1. Which of the residues spanning the stretch 55-107 are closer than 30 Å to A223 by Cβ and surrounded by fewer than 17 Cβ atoms within 10 Å (Cβ to Cβ)?
2. Kindly list, by first and then second residue, each pair from a residue in the stretch 232-243 that is among the small types (G, A, S) to a residue that is surrounded by 11 or more Cβ atoms within 10 Å (Cβ to Cβ), limited to pairs with Cβ atoms under 7 Å and residues at least 6 apart or on different chains.
3. For the stretch 211-231, enumerate the residues that are of a type in the set (A, V, I, L, M, F, W, C) and touching a residue at least 60 places away in the same chain (Cβ under 8 Å).
4. Looking at (1) assigned to a strand (DSSP E or B); (2) open to solvent by 10 Å² or more (accessible area, probe 1.4 Å), find the lone condition where G111 falls short.
5. Filter the stretch 168-195 down to the residues that are open to solvent by 60 Å² or more (accessible area, probe 1.4 Å) and touching a helix residue (DSSP H, G or I) at 6+ places or on another chain (Cβ under 7 Å) and list them by number.
6. Could you pull out the residue among E87, E94, E44, E82 that is in a loop (DSSP other than H, G, I, E, B) and either without any contact (Cβ under 8 Å) to a residue 24 or more places away in the chain or of a type in the set (D, E) (or both)?
7. Within the stretch 207-254, count every residue that is at pLDDT 95 or above, open to solvent by 70 Å² or more (accessible area, probe 1.4 Å) and polar (S, T, N, Q).
8. If I filter the stretch 196-206 for residues that are in a helix (DSSP H, G or I), surrounded by fewer than 13 Cβ atoms within 10 Å (Cβ to Cβ) and either of a type outside the set (A, V, I, L, M) or at pLDDT 95 or above (or both), do I get at least one hit?
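The values are calculated or read from the model by the stated rules, or taken from the named source; none is laboratory data. Note that the structure is a prediction, hence the values are computed from the model and not measured. Quick reminder, even Gly has a Cβ in these numbers, built from the backbone with ideal geometry, and neighbours come from all protein chains shown. Side chains included, ligands, DNA and RNA excluded: accessible areas come from the protein's heavy atoms. Shrake-Rupley method; radii C 1.70, N 1.55, O 1.52, S 1.80 Å.
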Amino acid sequence: MTTDASHPHPHLRIQTDGPVRVVTLDRPDKRNAQTPSLWRALAEEARTLPDEVRVVVLRGEGDAFSAGIDTAMFSPTGIEGEVSMGEVAAQGSEGMHRAIAAYQEGFTAWGECSALVVAQVHGYAIGAGFQLALAADLRVASLDAWFAMRETSLGLVPDLGGTGPLVHLVGYARALEICATGRRVSAPEAHAMGLVNAIAPAADLDEATFSLVQHVLTAPDAAVRALKPLLRSAVVSDRDTQLAAEREAQGGLLRALLGGAPS
């Protein structure tokens, strides 16, 4: 990446090269542990992507994609500058719901943006790290990577938008088993169950990721942008609604392709 480098958050680095933007979790000393302020920055980044960005790569600096939420958030002292989980719980049900809804936007906003989002996972993706990978449209992992939902070990459940994508990708029973046990899912197993699109040796992870990116970029921009919401809606839409969505998307593309033919 050669242009438009920025740091919208102390633990987030953004680099853009033409139609590709790389969003890097940049807290390697804490294995890219996440905090609410980071989630706000991620949501803002997803919402304000320039029109010319076609593909976003989410990655982590250092030896892991992300170790999940910074567990210091659960301590009595919390983290300076962050609202602790104790303070969130003290807000009552409505306050907790508002806070969690805001946190979720750091994950769900990636599905709502028009660019195609690829998670590049190495080391491990635990809890919120796993859910951030699930927030992407596609996932590429190094052979030594592994995934785990550890929320149940804290007496909690995944609540950052990851449950829906996980069930859709691997099915209810497998998703329940992964979350209830908190076990490690290796990259080869994740690939076999459809959780990951591609795997590669760690030394070749960048090459595998950007090979996928380049293949995406060969398709016409408008078609890929129309395809993303169309396929995402197929997960939850009934047959007639989805058929109508296909007609609507295709109609706009055909009109553009044929030079503005009458609608």
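1. Hits for the stretch 55-107: nothing passes.
2. These pairs meet every condition: S233/Q242; S233/A245; A234/Q242; S237/A245.
3. To start, the set of residues in the stretch 211-231 that are of a type in the set (A, V, I, L, M, F, W, C) comprises 212-213, 216-217, 219, 222-224, 226-227, 230-231.
Selection gives L212, V213, V216, L217, V224.
4. Unmet for G111, out of (1) assigned to a strand (DSSP E or B); (2) open to solvent by 10 Å² or more (accessible area, probe 1.4 Å): (1).
5. Scanning the stretch 168-195 gives a single hit, A180.
6. Among E87, E94, E44, E82, only E82 is in a loop (DSSP other than H, G, I, E, B) and either without any contact (Cβ under 8 Å) to a residue 24 or more places away in the chain or of a type in the set (D, E) (or both).
7. Counting residues in the stretch 207-254 that are at pLDDT 95 or above, open to solvent by 70 Å² or more (accessible area, probe 1.4 Å) and polar (S, T, N, Q) gives 2.
8. Looking for residues that are in a helix (DSSP H, G or I), surrounded by fewer than 13 Cβ atoms within 10 Å (Cβ to Cβ) and either of a type outside the set (A, V, I, L, M) or at pLDDT 95 or above (or both), one finds at least one in the stretch 196-206, hence yes.
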